[in-house]
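Okay, structure first, notes after.
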4 protein chains.
Amino acid sequence: MKKINAAVVGVTGYTGMELVRILIAHPGFDLVAVTSRSQAGKSLTELFPFLAGTDAEMLPVTFPDPELVARDCHVVFLAVPHGTAMNMAAGFVNQKVKVVDLSADFRLRDVKTYTEWYGVEHTRTGLVQEAVYGLPEIYGSEIVRARLVANPGCYPSSVILALYPGLKQGLLNPEGIIVDSKSGVSGAGRAAKTGTLFSEVADSFRAYSLGRHRHTPEMEQELCAAAGQELRISFSPHLVPMNRGILSTCYVYPAGDIKTERLRMVYKEFYRDSPWVRILPEGVLPETRWVRGTMYCDLGFVLDVRTGRLIIVSCIDNLCRGASGQAVANANLMAGFDLELGLKDLPLMP
Amino acid sequence: MKKINAAVVGVTGYTGMELVRILIAHPGFDLVAVTSRSQAGKSLTELFPFLAGTDAEMLPVTFPDPELVARDCHVVFLAVPHGTAMNMAAGFVNQKVKVVDLSADFRLRDVKTYTEWYGVEHTRTGLVQEAVYGLPEIYGSEIVRARLVANPGCYPSSVILALYPGLKQGLLNPEGIIVDSKSGVSGAGRAAKTGTLFSEVADSFRAYSLGRHRHTPEMEQELCAAAGQELRISFSPHLVPMNRGILSTCYVYPAGDIKTERLRMVYKEFYRDSPWVRILPEGVLPETRWVRGTMYCDLGFVLDVRTGRLIIVSCIDNLCRGASGQAVANANLMAGFDLELGLKDLPLMP
Amino acid sequence: MKKINAAVVGVTGYTGMELVRILIAHPGFDLVAVTSRSQAGKSLTELFPFLAGTDAEMLPVTFPDPELVARDCHVVFLAVPHGTAMNMAAGFVNQKVKVVDLSADFRLRDVKTYTEWYGVEHTRTGLVQEAVYGLPEIYGSEIVRARLVANPGCYPSSVILALYPGLKQGLLNPEGIIVDSKSGVSGAGRAAKTGTLFSEVADSFRAYSLGRHRHTPEMEQELCAAAGQELRISFSPHLVPMNRGILSTCYVYPAGDIKTERLRMVYKEFYRDSPWVRILPEGVLPETRWVRGTMYCDLGFVLDVRTGRLIIVSCIDNLCRGASGQAVANANLMAGFDLELGLKDLPLMP
Amino acid sequence: MKKINAAVVGVTGYTGMELVRILIAHPGFDLVAVTSRSQAGKSLTELFPFLAGTDAEMLPVTFPDPELVARDCHVVFLAVPHGTAMNMAAGFVNQKVKVVDLSADFRLRDVKTYTEWYGVEHTRTGLVQEAVYGLPEIYGSEIVRARLVANPGCYPSSVILALYPGLKQGLLNPEGIIVDSKSGVSGAGRAAKTGTLFSEVADSFRAYSLGRHRHTPEMEQELCAAAGQELRISFSPHLVPMNRGILSTCYVYPAGDIKTERLRMVYKEFYRDSPWVRILPEGVLPETRWVRGTMYCDLGFVLDVRTGRLIIVSCIDNLCRGASGQAVANANLMAGFDLELGLKDLPLMP
């Protein structure tokens, strides 16, 4: 297989680290450049000693220079903050480099909504319309042809996969959906902050950003597309003392009288071509460790007959399926590779 | 202060352990008997080496003999499984021993509901009517005169304190309430089970018993009493990789147009005599570690203006406020002591 | 009891937080001032929401002003970095305020050693000679009369209590001692650092500062005093993914033919007046959770007959016995209070 | 590649689970049989839902029937308790099935020592002499020709790799070695025991089996072979609240005047053909997470010039390198495959 040169811009955070972990072992991509403003000058192994002995151990971490990166690479992964990503992405696209942007900059098709939730003016509104939302199960065919993929947020990945098929098929009522999500701490990033120190998080549990988390409009955009009507979601994120994983407990009313067997059938049919969405059997509920380090999205269904509510529980790995693994899956499609290439790891249990 | 003799029946589990921790340091009770079927013959320190050097270190763990216990004690704490507790409680009441039952046997006033959810016939239906539900903020005056107190479940303690005042004052809509709760692992008990081994729980997160947890009818009973009408709750428990703590995220629609300031005022007024319910200010959400080892119940309020939903977040320590500490608070009232006696520990942070 | 006014200078870190937790509930001290350079202007509850509802909830956090503090307080706890503490301590002593310094500034009697290990010149060498090393079991009578107490480091507290009696009585060989210590993460402080983020520490284990940790000369100073001869310790600290606790595994050769029963007798005799040092029986090894939140130091003894080595395992809570609780114990003695006043909490288990 | 049929006997524990995880993804082995006394009758996915969607999801878990297994398989992994394994192994060897035994039954060449430490008579003493100790870096050429490989214990794997080269080259003094090891909880197995419940282990730390752990004679056997003389090790295992990983802190005196650079050179030379032993540079100490889920053994060296002691810190993943991954590496050699086949995963970080 002829390898395609790839770069990671912004390698020091957890999504950068996870990109590197996946790309080093990837049979189709050759990781030729990694950049970091703060860590430039080190080798990749000096930055991440756990990569000693791998092919990329001596790769230099360089200061980000888009010209240089564009000269060497055909695919670039942007793991930089929102606001920074939009201009970088535009630059690379102009130089015919395919871009997977892990920031939020191109996820929302409505730039007014973007500015409202992120507090930043969008400077590349034209590109926003062109960018493809990178959820392979839903936008696979567009991703194949895309120049720029907006890689989904971690929470939206878990929630959209859980609700999209049911809303699309008219089996779920789009009104009054509640999503109560719980994330591991790596989702909060690798920047030094008191709030995510071990002793501020361990042996404890908390909610945060209730009713105002920035991933809300992203979920609403996609689920609205599924339902074919406007909808609002009550989204409540929580912080779990664990490294990786998101579990979303989704509360929704069925559109009519429906059994969970029927739902399972519909979901299995919807995801029949996806190697990663696993519909768990009756009586089995997902656990985040079952998807640790993988692209799997596990879905469990419970119908609460007393209240008539349907509960869909969704588990993903926030760093792999919720960020870097999904980015590589998108790059696979953009590069003409098999969707699963380099993404077949089994869950690390326990 | 003249001390009152107390016994713990069923000392080996986490609630028994927590009762002992509190009672040894209690100025009003003298812990004179602790029993266990499996550990009889040891001293308390052989069973729990962390109690070495305390007043009760040499207390013998005895095989449970109700006659003996009744002869020596005026108050008994039953930390035995449901089904076992009902007959024991009756025996002690007959012998004029005051009983705080930590099992579920006397929590549900409707024995049919009890049998439905617990799969056990109730053999002491008369006592069920007499038993007082041991939530001091709501039933304080009845507890003072009670012979038998049914100590609330851990989840219901967190949920009822969060929703009772709002429903009572007609500020919350009793329809369609959702409670998404998250508990530390000590809530699953101290019996040897593969499912709660460290490596089955650590660094992971899961839901369980969705729509069918036994604490559901208990919440409904009390919140129905508050609302003055029937209501059904969607209750979803989850397991957090932490030792202690419950956080309940409660979703409810306000009964009309209401601001969170007003809610805070109403709640503060309702709990004005309670030393333990803390209404957090706007913008602050509770964390389980803030109540670790204490009787506190911390409540945070968020109004999601986009969806019109009110979110009340409630945190307690499942072993202290959710079980043994509350049991001692009830015994304090039954014994004529100050409610807070022996229960003034500050949270252990971090 | 007439209360004595006390201040905590440097309240934002974990030792400051722990001092506040203990002092609020203390029957002899009145916490009248808490200071912080970065958090001045807040109330104590705004800084630490877990203190809501306590006596000190409205206490203002002020910018440190030694004059003001000295005017109001008779005892001051310094929870500021080494180097900063020395001048502050001198200022307070001059104004007749008793000082417990939790930094390292007055622990080492030899200022040359201090400068060697801490890289700071000592500006108050006179006070160094006067300061008393605050380990109550060993220097209790000097502490009673002290104006300035140098509160021991966390690791040294666990190690000195484990080895002092044996060396003092000539039962242990002072040559070739190895101390392999393991600490919870709160020992690394509350400053924002990538290295102690949850996801850098959780589900992992590491050693650090092998052979060069600054607590080494402190242990050697005290154990040399016990042995009556020079000695060198190999000291290896490690980081455990837990909040609180230190376990030190001490390897030492007995001075002659000795049984562990005899050692236990000697240690019990040495610590007969200490309410906190617990000599565990044969076959029982300490666990850090058994001392969580307390002043206990649990010691277990194993004689490895195959190698002739004695292993003494010591457990303390690094924040309570290893820092703030011990500081309060020292202040108790300085104030003429009972040693244990306000320090009788039982371990929080689990 | 022609695949070789393989079986896992005893699949329900953590080593069985890890074997399955590795073998399903292995390009050379076809996992055709998994057995369990307690779980026979289920499919592999019913037993381990995290394996849904993989090639082996429908594999039936069968009651162990050596005849059947021998008929279908060329390699068998025994993940059963010691005592049980010895006869099973003999049976398979007789039927020309190659055996990797993960129990302790064939690790000790001296059956008297085996009986002393394990309390079991050995019934297959002939096979003991034939079995090869399965540490590929040391016994690779024997393993290639072996019919029966005794897979090393987890602690010995970490310790022997750390000390063997230095002792072999005469750079380390074989007298007075101390090994202070710390293991994740998965090492304690998956059987339901109170002592390894989450709430007995989390947020705590303890030592156990000091001076009498069964892995001691195994280390001594191999290190004695390296040193060419008798030696005794003080071995102290501890339990870390994490899932996977072992860190061993090894204390040893250099045989003469030596620098760590020289040691690193000697170790690198010794391990020049091993893809997995990583000698960390000066100033870098290993962390268990850097080897999570992999075959890596990371070694860090510190010379404590004050005491003249050398400290070698060794990290492995106890389930992968310390058990199942190493078993597969041995099977690779026995099957004529490349040592690394199917064992190239990078560490899962964080």
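The listed residues C:Met219, C:Met88 rank as C:Met88, C:Met219 when sorted by accessible area, largest first, using a 1.4 Å probe. For the range A:216-314, GluC sites (Glu not before Pro) meeting the loop criterion (DSSP other than H, G, I, E, B) and having at most 14 other Cβ atoms within 10 Å: A:Glu230, A:Glu282. Chain C has one residue whose beta-carbon comes closest to the axis relating it to chain D; that residue and its distance in whole Å are C:Asp180, 2.
The GluC sites (Glu not before Pro) of the range D:101-134 that meet both conditions, a loop assignment by DSSP and at most 11 other Cβ atoms within 10 Å of the site Cβ, are D:Glu121. Taking Cβ atoms as reference points and 15 Å as the exclusive limit, the residues near B:Gln229 contribute a net charge of -2, counting Lys and Arg as +1 and Asp and Glu as -1.
Between chain D and chain A, the total buried accessible area stands at approximately 2500 Å², from heavy atoms with a 1.4 Å probe. With contacts taken as Cα pairs under 8 Å at a separation of at least 6 residues, the range D:114-236 carries a relative contact order of 28 percent. Tell me the carbon and sulfur percent of the accessible area for chain C, rounded to whole percent, probe radius 1.4 Å. Within chain C, the accessible surface is 50 percent carbon and sulfur. Given a 1.4 Å probe and the protein chains as shown, C:Arg232 ends up with an accessible area of around 130 Å².
Segment D:Arg306..D:Val144, full-extension length gain: 53.8 nm, with 0.36 nm per residue of separation and the alpha-carbon distance subtracted.
Beta-bridge orientation, chain D: approximately 45 percent antiparallel, per DSSP, counting only bridges with both partners inside. Relative to the other identical copies, A:Arg37 shows label-point distances of 2.6, 6.2, 6.6 nm, where the label point lies 7 Å from Cα along the Cβ direction and values run shortest first.
What the Cβ-Cβ distance of B:Ala225 and C:Lys344 gives, at R0 = 51 Å and to the nearest 0.05, is a FRET efficiency of 0.80. For A:Glu130, inter-copy separations between label points set 7 Å beyond Cα along the Cβ vector come to 7.0, 7.6, 8.2 nm, shortest first. Here the 3J(HN,Hα) profile of the range D:331-348, calculated from phi with Karplus coefficients 6.51, -1.76 and 1.60 at θ = phi - 60°, is 5, 4, 5, 4, 8, x, 7, 5, 3, 7, 3, x, 10, 9, 3, 7, x, 7 Hz, Gly and Pro shown as x. In this structure, B:Lys193 and D:Glu130 have a Cβ-Cβ separation that, at R0 = 45 Å, corresponds to a calculated FRET efficiency of about 0.65.
Is the protein assembly as shown rounded, prolate or oblate when judged by the Cα gyration tensor, a ≥ b ≥ c being the square roots of its eigenvalues, rounded requiring a/c under 1.5 and prolate requiring a/b larger than b/c? Judged from the Cα gyration tensor, the protein assembly as shown comes out rounded (a/c under 1.5).
Over chain A, what is the relative contact order in whole percent, taking alpha-carbon pairs under 8 Å and six or more residues apart? It would help to have the intermediate numbers written out before the result.
Numbers: 780 pairs, mean separation 61.4, N = 350.
Computed value for chain A: 18 percent relative contact order.
Going by Cα centres, the range D:170-211 and the range A:149-209 are how many Å apart? Going from one Cα centre to the other spans 36 Å. Put a dot 7 Å past the Cα of D:Val284, heading toward its Cβ, do the same for A:Glu57, and the two dots end up 0.8 nm apart.
Remark: mean inter-chain Cβ contacts per residue of C:291-302 equal 3, using a 10 Å Cβ-Cβ cutoff to other protein chain atoms. Computed over protein heavy atoms with a 1.4 angstrom probe, the accessible surface ordering of A:Asp55, C:Asp180, largest first, is A:Asp55, C:Asp180. Counting Lys and Arg as +1 and Asp and Glu as -1 over every other residue whose Cβ lies under 10 Å from the Cβ of C:Ala79, the net charge comes to -2. Remark: accessible surface ordering of C:Lys168, B:Lys259 (largest first) is B:Lys259, C:Lys168, probe radius 1.4 Å.
Over all residues in A:7-17, what is the mean tally of Cβ atoms on other chains that come within 10 Å of each residue's Cβ?
Mean partner shielding for this stretch: 1.
In nanometres and ascending order, the distances from the C:Thr115 label point to those of the other copies are 6.3, 6.7, 8.7 (point 7 Å from Cα along Cα→Cβ). Take each residue in D:240-252, count the other chain C-beta atoms within 10 Å of its C-beta, and the mean is 6. Of all DSSP beta bridges confined to the range A:4-130, the antiparallel ones make up roughly 5%.
A Förster distance of 41 Å, applied to the separation of the beta-carbon atoms of C:Asp110 and D:Asp257, puts the FRET efficiency at 0.90. Averaging Cα coordinates gives a centre for the range B:255-306 and one for the range C:295-350; these two points are 38 Å apart. Between beta-carbons, use under 15 Å as the cut-off and find the net charge around B:Thr123, counting Lys and Arg +1, Asp and Glu -1. So the environment of B:Thr123 carries a net charge of -2.
The values are calculated or read from the model by the stated rules, or taken from the named source; none is laboratory data. Predicted, not measured: the structure shown is a model, and the values here were computed from it. So basically every Cβ, Gly included, is an ideal-geometry build from the backbone, and we count neighbours across all protein chains shown. For accessibility, only protein heavy atoms count, side chains too; no ligands or nucleic acids. Shrake-Rupley method; radii C 1.70, N 1.55, O 1.52, S 1.80 Å.
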